[in-house]
Amino acid sequence: MATQATPTADVPRRTPRLALGLGAIGLLTAVGAAAFAVGDRQAIHNLDASSLDAIVLPIGFSLIGALLAARRPRNPIGWMFLAMAVLIGFDGMVNGYAIRSTRFHPLPLIRWIAWSHDWTNWLVFPVGLAAFFYLLFPDGHLQSRRWRWFAWFAGVLTAFGMLGFMFERTIVLSGARAIRNPLGLRFVDTNGDFGLIWLVGLIVVVVAMSGMFVRTRRATGELRQQLRWLSFGTLLTVIALAIAIVLEFTVLPNDDTLFPLVVVLGYGVALPVSCGVAILKYRLYDIDRIIRRTALYGLLTAILVAIYAVLVVGIGTA
């Protein structure tokens, strides 16, 4: 009697082990970033310098990425999650190492270790893995041939940015003093004209996200449900970030915790979980019920925030 094929039946046994190994490395980088944050706590005065994103994001990306890569090894999304986990956690460790070296006592190879931060970070965001994640979700293929030129542009921009950050004049990490790049060139200034590459990169990732939303509207059947999960997680995070920005510019002008917390919860929890559900197709068609509940809870939260804002502004004015 013929047996039913499993998703990993024709995949080498080493593949799940590799996925689990990379997931373990991602978790270890998160532990390393947390260890540096604890050791550097006297010099850390905000969440940005504490590398909270480098502590939390690798956990969600490592766990979901290892699960996806082990169960769906031919789908690149799981491997992309694992790569992002390792790179983000590594950058957090580098940031903590730089704080320790510049604020407490000099550490060996600090200039070379700090040199690795910006260009590896560029591999993840805003172009690089972040953009290609939205272009390739959920099956690892572009939605049409018309997107090939855009994918090529994103790849070229990623390579160009990597080279630029490798040769930037100085390296400035959050919470640490400026560090001179051992390979730095005078004409590569991230605070000058070259810094505009960040704006171009943000535009690229926004276009990739917009293409995902358009693809969701046009898709049908199972593919539509998968895309709706990612759209739901992304839209929820974007709305929360917008609310955080508005609050920080109005009633919470001195708050430096809300925005990083939203980033951590959105991209570290909501996004990987929604992608895991979509690709593994676990309770795939429950998205409508979850959206309704989220909308209800979101409306109640918005009302409470509005009441709080009115009270704070009113009392402050009085």
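The set of residues from the range 221-267 being among the β-branched types (Val, Ile, Thr), more than 19 Å from Ile64 (Cα to Cα) and either assigned to a helix (DSSP H, G or I) or open to solvent by 70 Å² or more (accessible area, probe 1.4 Å) (or both) comprises Val238, Ile239, Ile243, Ile245, Val246, Thr250, Val262. Among (1) over 30 Å from Gly39 (Cα atoms); (2) open to solvent by 20 Å² or more (accessible area, probe 1.4 Å), which single condition is Met166 missing? Single failed check for Met166: (1). The conditions of being over 22 Å from the mean Cα position of the chain (by Cα), hydrophobic (A, V, I, L, M, F, W, C), part of a loop (DSSP other than H, G, I, E, B) and surrounded by fewer than 19 Cβ atoms within 10 Å (Cβ to Cβ) are not met by Leu142.
From the set of residues in the range 193-215 that are of a type in the set (Gly, Ala, Ser) and within 23 Å of Trp229 (Cα to Cα), which is surrounded by the most Cβ atoms within 10 Å (Cβ to Cβ)? Before you say what the answer is, go through the steps one by one.
If we filter the range 193-215 for residues that are of a type in the set (Gly, Ala, Ser), which is where we start, we get 195, 201, 208, 210-211.
Now narrow it down to the ones that are within 23 Å of Trp229 (Cα to Cα): 208, 210-211.
Values: Ala208: 23, Ser210: 11, Gly211: 18.
That would be Ala208.
The set of residues in the range 208-220 that are assigned to a helix (DSSP H, G or I) and of a type in the set (S, T, N, Q) comprises Ser210, Thr216.
If the condition is being under 22 Å from the mean Cα position of the chain (by Cα) and either open to solvent by 10 Å² or more (accessible area, probe 1.4 Å) or not β-branched (Val, Ile, Thr) (or both), then the range 94-112 contributes Asn95, Gly96, Tyr97, Ala98. Scanning the range 169-192 for residues that are under 11 Å from Ala114 (Cα atoms), open to solvent by 50 Å² or more (accessible area, probe 1.4 Å) and out of contact with any Lys or Arg (no Cβ under 9 Å at 6 or more places or on another chain) turns up Val172, Ala178. Listed by first and then second residue, the pairs with beta-carbon distance under 9 Å, at least 6 apart or on different chains, first residue in the range 101-119 and farther than 9 Å from Ala176 by Cβ and free of Cβ contacts under 8 Å to residues at least 12 places away in the same chain, second open to solvent by less than 90 Å² (accessible area, probe 1.4 Å) and part of a helix (DSSP H, G or I), are Leu107/Tyr97; Leu107/Ala98; Leu107/Arg100; Leu107/Ser101; Leu107/Ile113; Pro108/Ser101.
I'd like to check something: does the range 268-277 contain any residue that is open to solvent by 50 Å² or more (accessible area, probe 1.4 Å) and within 29 Å of Gly155 (Cα to Cα)?
Taking the range 268-277 first, the residues open to solvent by 50 Å² or more (accessible area, probe 1.4 Å) are 269, 273.
After this cut, where a residue has to be within 29 Å of Gly155 (Cα to Cα) as well, the list is 269, 273.
There is at least one residue in the range 268-277 that is open to solvent by 50 Å² or more (accessible area, probe 1.4 Å) and within 29 Å of Gly155 (Cα to Cα).
Pairing residues of the range 221-248 that are over 22 Å from Asp286 (Cα atoms) with residues that are outside any helix (DSSP H, G or I), at Cβ distances under 7 Å and at least 6 apart in sequence or on separate chains, gives Glu248/Asp255. The residues on offer are Gly184, Gly161, Gly175, and the sole one that is part of a loop (DSSP other than H, G, I, E, B), under 24 Å from the mean Cα position of the chain (by Cα) and either closer than 22 Å to Leu109 by Cβ or modelled with pLDDT of 90 or more (or both) is Gly175. Contact map, the range 6-19: residues that are closer than 14 Å to Gly65 by Cβ paired with residues that are at pLDDT 70 or above and aliphatic (A, V, I, L, M), Cβ distance under 7 Å, separation 6+ or inter-chain. Pairs shown: Pro16/Ala70; Ala19/Ala66; Ala19/Ala69; Ala19/Ala70; Ala19/Leu82. For the range 20-54, filtered to residues that are over 18 Å from the mean Cα position of the chain (by Cα) and outside any helix (DSSP H, G or I), the residue that is modelled with the lowest pLDDT is Asn46.
Are any residues in the range 45-64 open to solvent by 30 Å² or more (accessible area, probe 1.4 Å) and farther than 12 Å from Phe81 by Cα, and if so, which ones? Correct list: His45, Asn46, Leu47, Asp48, Leu52, Asp53, Ile55, Val56.
The values are calculated or read from the model by the stated rules, or taken from the named source; none is laboratory data. These numbers were taken from a predicted model, which means no experiment stands behind them. Here the Cβ is made from the backbone with ideal geometry for all residues, glycine too, and neighbour counts use every protein chain on show. We work out accessible area using only protein heavy atoms, side chains counted, and drop any ligands, DNA or RNA first. Shrake-Rupley method; radii C 1.70, N 1.55, O 1.52, S 1.80 Å.
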